[in-house]
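The values are calculated or read from the model by the stated rules, or taken from the named source; none is laboratory data. Here the structure is a predicted model, which is why all the values come from computation and not from measurement. Positions of Cβ are backbone-derived with ideal geometry, glycine not excepted, and every protein chain shown enters the neighbour counts.
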Amino acid sequence: MGESLKTLDCASLSIREINVFLKEAAVHGPDTAVTIINPDSRHNIAVGITQPLDILVQGNVGYYCAGLCDGLTVKITGDTGWGLAENMMSGTITVLGCAGSSAGATMRGGRLVIQKDTGSRCGIAMKGGTIVVGGNTGYMTGFMMQKGNIVVCGDAGEAFGDSLYEGKLFVRGNVRSLGSDAVESDLTPDDIEMLALAIADANVDASPEQFRKIVSGKKLYNFNTKEREIWKLAL
Amino acid sequence: MCGIAGILYFDSDEAASPVGRALTTMSQCLQHRGADSAGVAIFSAPTARPSLQVILPQGIPLPEPQFIDTLAPGRLSGLREIRDGFAATISPLANSNDRRIDLTSSLEKGLPGSVVTSLGYSMSVYKTVGLVERLFPTIAPLTGTHGIAHLRLATESKIDPAHAQPFWGRPYADVAVTHNGHITNYHKLRKKMEARGLTFASQNDSEIIGILIGEQLATGQRLSAALEAVIPTLDGSFSFIVATSQGLGVARDRFATKPLLFVETDELLAIASEQQALHRLLNENIKIQEIQPKEFRTWEKA
């Protein structure tokens, strides 16, 4: 934790007041730390904070937590609703519980760790950074992903990596089905190194060699009339 | 965006569980998802005879009992005033095997602009335009076995009590649905259903779901089989909860863009659009699960 400690009790504050408090706290420098209590599953907590700040959220949060942020270090002890860390630029966000749908959507950098399960469309249109899921992930994980890594320590739902352009997905458990143009590839030494870090973040008992790697087959890059079957399946 | 919620107490032989209180707590949390209208359907121990509820157009006073009797000679008794309308008990049918009770059209024709919002042995529906808190004095003390709630953000059809949810699956007794989403093949389906003789109380696409399920249940199917038959016919987005005298059912469309979460304990099942409603009803440490894309589930009484 940082040098300057502040506690924010959300019980009697509006979301605007909470976010203004956090923005002002961030002005005091990267060593500032805020503990949020009584978040009560409310939406839009810690949204639009673009300067480094250390935030501990004690409890559950609603939709879009830590969205549009840059350089935050956030730890959430409970569950989150959907749209967690949407379009995050950099920073580290750790959820000890589960996350709803579209966690890390359009994320551009940083590290998002969900220690339990997450819902559908995790990492949709992701453009950078790393998402680590300790448990299972829902359907269409990494849909139209463009860059970055998604590591799933449990099982993956249907259409895993559907229509991805670039980036890498890693899964340790079962995959219900691969998405359109998602193909299996071999682990590289760099992947093994990255996976070792991810496993430690997820706090699971696993080894990098247990993971399968999924990448783009790049068949959807250009339209080919001879491959109409692929396009029929692509959404 | 709409808010939906449901509650079912597994061990409620006495039908004395705090269903109204639970729906009040959850709908208060979901209010921000829709403030145009609200409603709940509460199920309690079945009565010997079915009852119906009628909502009158705004500003129309309660008609004289003698006048109502002319619309349904000898069929209605125990007439009582309810919010925006009246309720009455229906006298036995000549053919007790027939689940269709066609008093609705004669009442709605005789009282222009009125809508029959509920019919059944164990179901009561309460609706209002505006915020759900208007219903709290009425519904909070109500007990029963299970119930559903709806907070509406109107997109297409009118804002009046008739277009508020939950919708009764008319004409089938004890079927109500609360839906978040948009059934895009509504007009196509409705045309076919009207050709089968079914009637509608509103221009709202959500109403169709309960009627389709009621149609299946009337053939003697269980709720899970009814959902299995109905879901493939629905196009568009949906997360819905259906309530019958047997219990609750839920379904989500294949893209699951509308949220639906639930908590199941030994004592109860609670369903809601957002987790805050479930946490406020129970506590902060409950295990919340999500209904999966394409999934449907039922919790039926034995």
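Couple of notes before you dig in:
- Residue check, B:Arg21 touching a residue at least 24 places away in the same chain (Cβ under 8 Å), closer than 27 Å to B:Ser157 by Cβ and of a type in the set (Lys, Arg): no
- Matching residues in segment A:124-163 - criterion: being over 17 Å from A:Ala99 (Cα atoms), out of contact with any Lys or Arg (no Cβ under 9 Å at 6 or more places or on another chain) and either modelled with pLDDT under 95 or surrounded by fewer than 24 Cβ atoms within 10 Å (Cβ to Cβ) (or both): A:Ala125, A:Met144, A:Ser163
- Residue ranges of strands (runs of 3 or more DSSP E) in segment A:1-100 with at least 3 members surrounded by 18 or more Cβ atoms within 10 Å (Cβ to Cβ) and not assigned by TED's automatic domain parsing to the domain that holds A:Val133: A:32-37, A:53-58, A:72-76, A:91-95
- Subset of segment B:274-291 [within 18 Å of A:Gly138 (Cα to Cα) and either among the aromatic types (Phe, Trp, Tyr) or within 10 Å of chain A (Cβ to nearest Cβ) (or both)]: B:Glu274, B:Gln275, B:Lys287, B:Ile288, B:Gln289, B:Glu290
- For B:Ile148, the stated conditions do not hold, so it cannot be described as out of contact with any Leu (no Cβ under 6 Å at 6 or more places or on another chain), in a loop (DSSP other than H, G, I, E, B) and either of a type outside the set (S, T, N, Q) or assigned by TED's automatic domain parsing to the domain that holds B:Ser273 (or both).
- In the set B:Gln53, B:Gln66, only one residue is in contact (Cβ under 8 Å) with a residue 60 or more places away in the chain, over 30 Å from B:Pro259 (Cα atoms) and not acidic (Asp, Glu); that residue is B:Gln53.
- Every residue from segment A:91-107 that is more than 15 Å from A:Gly142 (Cβ to Cβ), more than 14 Å from chain B (Cβ to nearest Cβ) and free of Cβ contacts under 8 Å to residues at least 24 places away in the same chain: A:Thr92
- Within segment A:148-163, being out of contact with any Leu (no Cβ under 7 Å at 6 or more places or on another chain), more than 14 Å from chain B (Cβ to nearest Cβ) and more than 13 Å from A:Ile131 (Cβ to Cβ) holds for one residue alone: A:Gly154.
Here is a yes/no grid of residues against (1) out of contact with any Pro (no Cβ under 9 Å at 6 or more places or on another chain); (2) in contact (Cβ under 8 Å) with a residue 40 or more places away in the chain:
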site	(1), (2)
B:Thr25	yes, yes
B:Arg33	yes, yes
B:Ser37	no, yes
B:Pro73	yes, no
B:Ser114	no, yes
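- Taken together, the criteria exclude A:Arg111 from residues that are closer than 18 Å to B:Glu295 by Cβ and either under 11 Å from the mean Cα position of the chain (by Cα) or away from chain B (no Cβ under 14 Å) (or both).
- Among residues that are surrounded by fewer than 18 Cβ atoms within 10 Å (Cβ to Cβ) and away from every other protein chain (no Cβ under 14 Å), A:Thr225 is included.
- Residues of segment A:21-36 that turn out to be out of contact with any helix residue (DSSP H, G or I) (no Cβ under 7 Å at 6 or more places or on another chain), among the hydrophobic types (A, V, I, L, M, F, W, C) and within 17 Å of A:Val74 (Cβ to Cβ), as a count: 5
- Total residues in segment A:41-75, condition within 14 Å of another protein chain (Cβ to nearest Cβ) and in contact (Cβ under 8 Å) with a residue 24 or more places away in the chain: 7
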